[in-house]
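Read through the structure below, which is laid out as C-alpha cells, and then see the notes.
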Amino acid sequence: MKKTLIAFAAVLATSAAQAQTTDTLKKIKDSGSISLGVRESSGLSYTIGNGKFVGFHTEMAERVIADIRKQLGLSSLEVKYQPVTSQNRIPLVQNGTVDLECGSTTNNATRQKDVSFAVTTYVEEVRIAVKANSGINSIAQLAGKKVATTTGTTSVQTLRKHERAAGVNFEEVFGKDHADSFLLLESGRADAFVMDGSILAANIAKSKNPADYKIVGEVLSVEPIACMLRKDDLAFKKAVDDSIKRQIKDGSLAKLYDKWFMQPIPPSNTRVGLPMSDATKAAWANPNDKPMEDYAKK
Amino acid sequence: MAAWDWQVFCKDTIDGEVRPRCFGADGDITYLDWLLSAWGWTLSVAVLALVVALVVGSIMGIFRTTPSKALVAIGNTWTELFRNIPLLVQVFLWYHVLPALIPALKDFPSFILVVFALGFFTSARIAEQVRAGIQSLPKGQRYAGLAMGLTLPQTYRYVLLPMAFRIVIPPLTSESMNIIKNSSVAFAVSIAELTMFAMQAQEETSRGIEIYLAVTGLYFISAFVINRIALFIEHRVQVPGMIGGH
C-alpha cells in the first residue's frame, strides 16, 4: 500500500513537472504560429520600417522556422515578429511571449540560469574605434583619454574590468545608444568608442566620412551571440540547433554572412565590410552553446 | 516567476562574487556601493538644478509683473523659450549643439551643463508660478506700497513677495519633486545617476526587477523627503489671516 502511494505520488510529481516544462514545438503546431523575437537596431537584426525586420540573425531565424515547419509537417506557419529590447528580452522568452529570440544576445553563464541558447552563430569581438588621424593603436594608449561606450551594454563592464586589471584609468563617457556614442567620437567629446566590432563597423559605414575612422587594437572581450529560447525545452532546442547546423554544413549560412556583412545592405545600401572573424569560424566548425565565460578561459 | 534575489546588491561589479559585508573594500565596488553613488549623483543634479531654477525662475517671474515693458518681454521670452522645448531636446542642445557653436563650452563637465539645462527648464515653470502668485494679490497692495514712499524694489521686497511666495509654496513643492524625477534625463549625457545605474546594472546582473524596484524606491524616497521639507516650510512660515494661513 505504502509503495503504491509513493509510486502514485511520483507519477503525480512527474506529470506536474511535465505540465510545467514548456513544449514549444507543440505550441507552434497547435497555434500554427511562432513568435520570433527581433531587435529594432542591432547589427544582426534591425527594422527597415513598416514592421519589416531584417538582418543576418533575422534571416537565419526565418530559415530555422522554415525547417521547423517542414519537421512538423505544417503547410503554413505564421511568423509573428516581436521587437524586444535588452531589458525585456529574457522575461519575454521566459513568459512565452517570444518563442525564439534571434537578435544580438550574448550567451553567458548568468543568463543560462534563466534561458537556453541555440548553438553560437556569431562571435562578437569587442574592439576600439578611433579617428584615423588620432595615432591611437592600442588600449594602452587610451590611458587618461576619454572613452565612449553605450549604457546598458556588456562593454561597460569589459572596460571596467580592463581598467582594474591593467591599472589604467580612462575617463568613460556613456552614450544613451550606439548612435549617440558614435556622435561622441565624431564630435571629439571622446577619443575612442569601445563596442562590439559589428556595431563599430556598421556605425563607421553609416558615417559621413567612413575613411575618417578605423578599428584598432586588441580584442578586449569575446562574446558568443546566439538565439535564445526557453530553458529545458530539449526538443525545440534540438530542432533549432539541427537547422543551424544544416545551414552551416551546406554553406548557406556563410552565404548569408556574405550578404549581410560584405554586400551593401538596406536601408542605406552601405557595406558593413566586416570579414568573418577566426572566432566565428571556429564556432561554426564546432557548433556549441558554450557561454562567454568559457571563451575567456582560453 | 523566479524568486527574488536581493543578494545581487552585494555582488562585486568586477567578478560578480557576493561580498560578505555588502560593501566593497580596498577599491572593490559592489552594486550597493554603486547604487548609493548613483543616488548621490541624482540628488546632486536635482538639488543644484533646483537652486538654479528657484533663483532664475523667481527673477524671471518678478520681471514679468514689473511696469517695465522691456523686463516683461525678457521674462516672457525666457519662459516661453524654455517651456516649449522638450527637456531631453534641451539637454542635447546643451551637450551637443552649443559646444559646437561655442568651443569653450566643450571643456565644461557634462554635470554642469545638465544642471543648467534642468535648472533653466524648471525655471520657466517656476517663473510662471511666481508671476501667478504676484498677480493673485490685489492691485491695491502694490499701490499702497508705492504710496507709502517705498521704491519699486522695496515694494516687492517688503509687500508683494512675502505674500506671493507663501501662496506659491504648493506648486513650487511639486516642481521641486518633479526636478528629482526629471533629473533622470542626465543619464543621456553620461551622468552616472540612478537611471543609468538601473539600465547598466540590470544588463550586467540580469536581475532587472530587483534593481528597478530599488531605484524606484530611492526616487520615491527622495521626492517624498522634498515634499515633507516643503510642508514643514509651509507650516512654519504661514501667517494667520493670510491665504493659506489659519
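The values are calculated or read from the model by the stated rules, or taken from the named source; none is laboratory data. Keep in mind it's a predicted model, so treat the numbers as computed, not measured. For neighbour counting, all protein chains shown are included, and Cβ atoms are generated from backbone atoms with ideal geometry for every residue, glycine included.
Condition check ((1) at pLDDT below 95; (2) within 14 Å of another protein chain (Cβ to nearest Cβ); (3) closer than 19 Å to A:Val173 by Cα) across all residues:
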residue	(1), (2), (3)
B:Phe82	no, no, no
B:Trp94	yes, yes, yes
B:Leu101	yes, yes, no
B:Glu128	no, no, no
B:Ile134	no, no, no
B:Lys139	yes, no, no
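Residues in region B:103-126 that are within 11 Å of another protein chain (Cβ to nearest Cβ), part of a helix (DSSP H, G or I) and out of contact with any helix residue (DSSP H, G or I) (no Cβ under 8 Å at 6 or more places or on another chain): B:Pro103, B:Asp107.
Considering the conditions (1) part of a helix (DSSP H, G or I); (2) crowded, with 16+ Cβ neighbours inside 10 Å, A:Ala211 is excluded by exactly one of them, (2). Filtering region A:66-113 to residues that are within 14 Å of chain B (Cβ to nearest Cβ), over 13 Å from the mean Cα position of the chain (by Cα) and assigned to a helix (DSSP H, G or I) leaves A:Pro91, A:Leu92, A:Val93, A:Gln94, A:Ala109, A:Thr110, A:Gln112.
The set of residues from region B:207-246 being out of contact with any His (no Cβ under 8 Å at 6 or more places or on another chain) and either hydroxyl-bearing (Ser, Thr, Tyr) or not in a helix (DSSP H, G or I) (or both) comprises B:Arg207, B:Tyr212, B:Thr216, B:Tyr219, B:Ser222, B:Val239, B:Gly241, B:Met242, B:Ile243, B:Gly244, B:Gly245, B:His246. Here B:Ala192 does not fit the description of being among the small types (Gly, Ala, Ser), within 11 Å of chain A (Cβ to nearest Cβ), within 22 Å of A:Phe182 (Cα to Cα) and part of a helix (DSSP H, G or I). When the residues of region A:177-208 are filtered to those that are of a type in the set (A, V, I, L, M, F, W, C) and surrounded by fewer than 19 Cβ atoms within 10 Å (Cβ to Cβ), the one that is farthest from B:Pro99 (Cα to Cα) is A:Ala205. For A:Ile244, the conditions (1) assigned to a helix (DSSP H, G or I); (2) within 14 Å of another protein chain (Cβ to nearest Cβ); (3) not small (Gly, Ala, Ser) all hold with the exception of (2).
Return yes or no: is A:Arg189 within 11 Å of chain B (Cβ to nearest Cβ), over 20 Å from the mean Cα position of the chain (by Cα) and part of a loop (DSSP other than H, G, I, E, B)? Quick ask: steps written out before the conclusion?
Working: within 11 Å of chain B (Cβ to nearest Cβ): yes; over 20 Å from the mean Cα position of the chain (by Cα): yes; part of a loop (DSSP other than H, G, I, E, B): yes.
So A:Arg189 passes the test.
None of A:Val119, A:Val219 is surrounded by fewer than 20 Cβ atoms within 10 Å (Cβ to Cβ), touching a residue at least 40 places away in the same chain (Cβ under 8 Å) and closer than 28 Å to A:Ala61 by Cβ except A:Val219.
Quick check, is B:Leu36 buried (at least 18 other Cβ atoms within 10 Å of the Cβ), part of a helix (DSSP H, G or I) and at negative phi? Talk me through it step by step, then tell me what you get.
Working: buried (at least 18 other Cβ atoms within 10 Å of the Cβ): no; part of a helix (DSSP H, G or I): yes; at negative phi: yes.
Criteria not met by B:Leu36.
Among the residues of region A:136-183, those that are touching a helix residue (DSSP H, G or I) at 6+ places or on another chain (Cβ under 6 Å) and facing another protein chain (nearest Cβ under 7 Å) comprise A:Thr151, A:Gly152, A:Val156, A:Gln157, A:Val173, A:Lys176.
Conditions tested, residue by residue: (1) farther than 21 Å from A:Tyr295 by Cα; (2) of a type in the set (Asp, Glu).
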{"residue": "A:Asn203", "(1), (2)": "yes, no"}
{"residue": "A:Lys208", "(1), (2)": "yes, no"}
{"residue": "A:Ala211", "(1), (2)": "yes, no"}
{"residue": "A:Val219", "(1), (2)": "no, no"}
{"residue": "A:Asp242", "(1), (2)": "yes, yes"}
{"residue": "A:Lys245", "(1), (2)": "no, no"}
{"residue": "A:Lys255", "(1), (2)": "yes, no"}
{"residue": "A:Phe261", "(1), (2)": "yes, no"}
{"residue": "A:Pro264", "(1), (2)": "yes, no"}
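Among the residues of region A:221-239, is any among the basic types (Lys, Arg) and not assigned by TED's automatic domain parsing to the domain that holds A:Thr270? Walk me through how you get there before you give the answer.
As a first pass, look at region A:221-239 and keep what is among the basic types (Lys, Arg): A:230-231, A:237-238.
If we keep only those that are not assigned by TED's automatic domain parsing to the domain that holds A:Thr270 as well, we get none.
Looking for residues that are among the basic types (Lys, Arg) and not assigned by TED's automatic domain parsing to the domain that holds A:Thr270, one finds none in region A:221-239, hence no.
Evaluate the following for B:Phe197: is it touching a residue at least 24 places away in the same chain (Cβ under 8 Å) and away from every other protein chain (no Cβ under 14 Å)?
No; evaluated as a whole, the condition is false for this residue.
Taken as a whole, region B:20-28 holds no residue that is within 23 Å of the chain's Cα centre (by Cα) and of a type outside the set (Val, Ile, Thr).
Count of region A:33-45 residues, restricted to those that are touching a helix residue (DSSP H, G or I) at 6+ places or on another chain (Cβ under 8 Å) and either in contact (Cβ under 8 Å) with a residue 60 or more places away in the chain or assigned to a strand (DSSP E or B) (or both), is 8.
Across region A:214-232, which residue is nearest to A:Leu253 (Cα to Cα) among those that are aliphatic (A, V, I, L, M) and assigned to a strand (DSSP E or B)? It comes out as A:Ile225. Cβ-Cβ distances below 7 Å connect no pair with a first residue in region A:277-298 that is at positive phi, a second residue that is at pLDDT 90 or above, and a separation of six or more residues or different chains.
Which of the residues spanning region A:90-99 are surrounded by fewer than 24 Cβ atoms within 10 Å (Cβ to Cβ) and in contact (Cβ under 8 Å) with a residue 40 or more places away in the chain?
Within region A:90-99, A:Ile90, A:Leu92, A:Gln94, A:Gly96, A:Thr97 meet the criteria.
If you go through region A:268-293 and keep only what is of a type in the set (Asp, Glu) and under 24 Å from A:Lys231 (Cβ atoms), you end up with A:Asp289, A:Glu293. In region B:48-64, is there at least one residue being under 19 Å from B:Ala124 (Cβ atoms) and surrounded by fewer than 14 Cβ atoms within 10 Å (Cβ to Cβ)? Yes - at least one qualifying residue is present in region B:48-64. Taken over region B:149-183, the criterion of being of a type in the set (D, E, K, R), more than 16 Å from B:Leu87 (Cβ to Cβ) and surrounded by 14 or more Cβ atoms within 10 Å (Cβ to Cβ) is satisfied by B:Arg166 alone. Give the residue, chosen from B:Ser183, B:Ser206, B:Ser222, B:Ser174, that is touching a Phe, Trp or Tyr at 6+ places or on another chain (Cβ under 8 Å) and hydroxyl-bearing (Ser, Thr, Tyr). One residue alone meets the criteria, B:Ser222.
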